[in-house]
Amino acid sequence: MPESFFILSKENLEMAKDEVIAIAKTYDRFAKSKSFSNLIIIQSKINWEKIADRATFVKTSGQILRKMSGLFLGEDNFEVLKNAKTFACRIINLSSKKFEIEELENSMGDMVSKLSSAKVDLENPDIIIYLIFTNQENFFGFSRPTTPSKRPKKVKKHPHELDWKLARVMINLIGLKEGETVCDPFCGTGTTLLEAESMGIKAIGVDFDKKMYKISKENLEVNGYNSKMIRADFSEFTKMQDKFDGIVTDLPYGIASKTSQDPKELIKKFVSMLPRRKKIAIMCKKGFEKELKMNPSKTYDIFRHKTLTRTILIK
Ligand SMILES: C[S@@+](CC[C@H](N)C(=O)[O-])C[C@H]1O[C@@H](n2cnc3c(N)ncnc32)[C@H](O)[C@@H]1O
């Protein structure tokens, strides 16, 4: 079974790892994982490009060719360079040992040049060869340049809007796939809808505020997206439960955004209406979750500033 590696940004590391695992399991339920610091290794039948393209916090990724016991690499390890004209070598040291990275990269480059006809190109290589060191295991892998999917445009913004990375990670954590539909019953400027559509997932947005409804519509239109927008109270979602597979939403805080009632009461009412068998990701102000009888399978705290930490609840 192929193995891929993902180096993650360290901010929200646990969530970043869970996201990569959730994406792998969405497409291959037998996918396995192990992690070392901010490196996660996934064993699954789906390729690393697919996971990396969907994931929010992946900085570097590629395929593992083999584990290494020492620094020695033989000719057969460089089969992967067969059709490459140019290459670069990168060392990623996650171990507690000190390495002269530049020196090691140069000597590895010399070794590869002797064993293959490819030339060094640090700017735009056809292939990048990686040596990854951790305290437990070392890995030899490679990646090829990929073109990341186009980011959706947002022409209209609002201070209460959700960070697109959090919308994306929530969609991924609940394992929605292309062709499925997500519903955001408090969609505001449409961040969830834009992220979903950019990943080939259909979306339905509800917001009771006329201004927000208009903003969402404009944001969708400029990208040529077809998400359905409904101007109504959030409870509208209960009438269309057969039309979506999961809910991803960021609840009103009663600070910058309008609310139809006291945010705590509104949230309790919302949670009591949640469908039992759907995938759900909800973000709320930390502390609110204690009053909800939601019984999440996982929670993540997102620190925003001194007086605002938010919590993501996954069910
Ligand atoms: C925190 S904001 C959501 C922000 C959104 N995720 C974004 O990225 O723009 C909460 C939204 O809930 C909407 N809202 C408040 N009470 C509502 C209700 N009873 N029914 C539907 N929408 C409501 C507000 O208009 C606001 O747009």
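The values are calculated or read from the model by the stated rules, or taken from the named source; none is laboratory data. Computed from a prediction, not measured in an experiment: that's the story for all the values here. Quick reminder, even Gly has a Cβ in these numbers, built from the backbone with ideal geometry, and neighbours come from all protein chains shown.
Looking only at residues that are of a type in the set (Val, Ile, Thr) and under 24 Å from Lys50 (Cβ atoms) in segment 149-203, which one is surrounded by the most Cβ atoms within 10 Å (Cβ to Cβ)?
If we take residues in segment 149-203 being of a type in the set (Val, Ile, Thr) and under 24 Å from Lys50 (Cβ atoms), then Thr192 is surrounded by the most Cβ atoms within 10 Å (Cβ to Cβ).
Given the criteria assigned by TED's automatic domain parsing to the domain that holds Phe270, among the small types (Gly, Ala, Ser), within 9 Å of the ligand (Cβ to nearest atom) and within 21 Å of Lys157 (Cβ to Cβ), does Ser198 qualify?
Considered against the rule, which asks whether it is assigned by TED's automatic domain parsing to the domain that holds Phe270, among the small types (Gly, Ala, Ser), within 9 Å of the ligand (Cβ to nearest atom) and within 21 Å of Lys157 (Cβ to Cβ), Ser198 comes out as no.
For segment 155-191, what are the residues that are on the phi > 0 side of the Ramachandran plot and away from the ligand (no atom under 12 Å from the Cβ)?
Gly175, Gly179 - these are the residues of segment 155-191 that are on the phi > 0 side of the Ramachandran plot and away from the ligand (no atom under 12 Å from the Cβ).
Does Leu65 fit the bill of being more than 20 Å from Pro148 (Cα to Cα) and in contact with a Ser or Thr (Cβ under 9 Å, 6 or more places away or on another chain)?
So Leu65 fails the test.
Hey, among Lys228, Lys290, which residue is basic (Lys, Arg), surrounded by fewer than 16 Cβ atoms within 10 Å (Cβ to Cβ) and either under 24 Å from Leu173 (Cβ atoms) or within 12 Å of the ligand (Cβ to nearest atom) (or both)?
Just a single option satisfies the conditions, and that option is Lys290.
Restricting the search to segment 284-315, which residues are among the acidic types (Asp, Glu) and over 20 Å from Gly246 (Cβ atoms)?
Glu291, Asp301
Whether any residue in segment 34-45 is among the aromatic types (Phe, Trp, Tyr), closer than 23 Å to Leu131 by Cα and touching a Phe, Trp or Tyr at 6+ places or on another chain (Cβ under 9 Å) is what I want to check.
No, segment 34-45 contains no residue that is among the aromatic types (Phe, Trp, Tyr), closer than 23 Å to Leu131 by Cα and touching a Phe, Trp or Tyr at 6+ places or on another chain (Cβ under 9 Å).
Can you name the helices (runs of 4 or more DSSP H) wholly within segment 177-285 that have at least 3 residues being touching a strand residue (DSSP E or B) at 6+ places or on another chain (Cβ under 7 Å)?
191-198, 210-222
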